[in-house]
Amino acid sequence: LDDFLFFKTREIRYRYNRLSDQKNGSCVFDLEFTEGAFIAREVVKATVMHLPLKRTIPVFTLDKEGLLQMLYGLAGYKDIDIDHHPDFNKRFYLSGEDSGAIRELFTDELVLFLESHPYYHVESNGRAMLILKKERLLGVREIKAMIYFGQLLHNLLQPSEIPHKLLKNNP
């Protein structure tokens, strides 16, 4: 998790209640981490989903517009606008180093998917994705919703290859 921007300024203390999918390596778990320093130090507990990727994608951070812009700005990231999606650009803060590759990754299908689902903090470190809803522990219903969202997002970003023999049978 240290490879994700979200944890660059946070210290992870504990990881527990791990739920894993052996097929694709994804997992959901609860974390306890600290934010701030000295008297401003705060202990936070949150439920997080980690999804390893089969192919490399651009490093990016996607969040609700307005939440962490200052932190990302300090890290050198700027809001990336996606062409022909003004509503998405108003609602989401998308940042990363390679804006061209990120724009290419954020297809119309991916943008519409993200617009039609609840807000999640989504990050890619290039080899894996991190998803979290809020900086608190989630209930069972919320965890199920996050897993469903994560699986759909993973399928959009990492489409499985269709076996060649199936292509011959279908026009």
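The values are calculated or read from the model by the stated rules, or taken from the named source; none is laboratory data. All values derive from a computational prediction rather than experimental measurement. In this analysis, Cβ positions are derived from the backbone assuming ideal geometry, glycine residues included, and neighbour counts consider all displayed protein chains. Each accessible area value is taken on the protein alone, full model and side chains, heavy atoms only, with ligands, DNA and RNA left out. Shrake-Rupley method; radii C 1.70, N 1.55, O 1.52, S 1.80 Å.
When residues in region 56-79 are screened for being at pLDDT 90 or above, assigned to a loop (DSSP other than H, G, I, E, B) and either open to solvent by less than 50 Å² (accessible area, probe 1.4 Å) or not hydroxyl-bearing (Ser, Thr, Tyr) (or both), 3 of them pass. The residues of region 31-55 that are open to solvent by 20 Å² or more (accessible area, probe 1.4 Å), more than 11 Å from residue 135 (Cβ to Cβ) and either within 18 Å of the chain's Cα centre (by Cα) or at pLDDT 95 or above (or both), listed by number, are 50, 52, 53, 54, 55. The C-beta contact set for region 6-23 (first residue under 13 Å from residue 49 (Cα atoms), second residue open to solvent by less than 60 Å² (accessible area, probe 1.4 Å) and part of a loop (DSSP other than H, G, I, E, B), distance under 8 angstrom, 6+ apart or interchain) comprises 20/26.
Residue 114 satisfies every condition listed in (1) modelled with pLDDT of 95 or more; (2) over 24 Å from residue 135 (Cα atoms) except (2).
Tell me, yes or no, whether region 120-128 has at least one residue that is over 13 Å from the mean Cα position of the chain (by Cα), modelled with pLDDT of 90 or more and of a type in the set (Lys, Arg).
no
Here the helices (runs of 4 or more DSSP H) wholly within region 80-131 that include at least 3 residues being open to solvent by 60 Å² or more (accessible area, probe 1.4 Å) are 86-91, 108-115.
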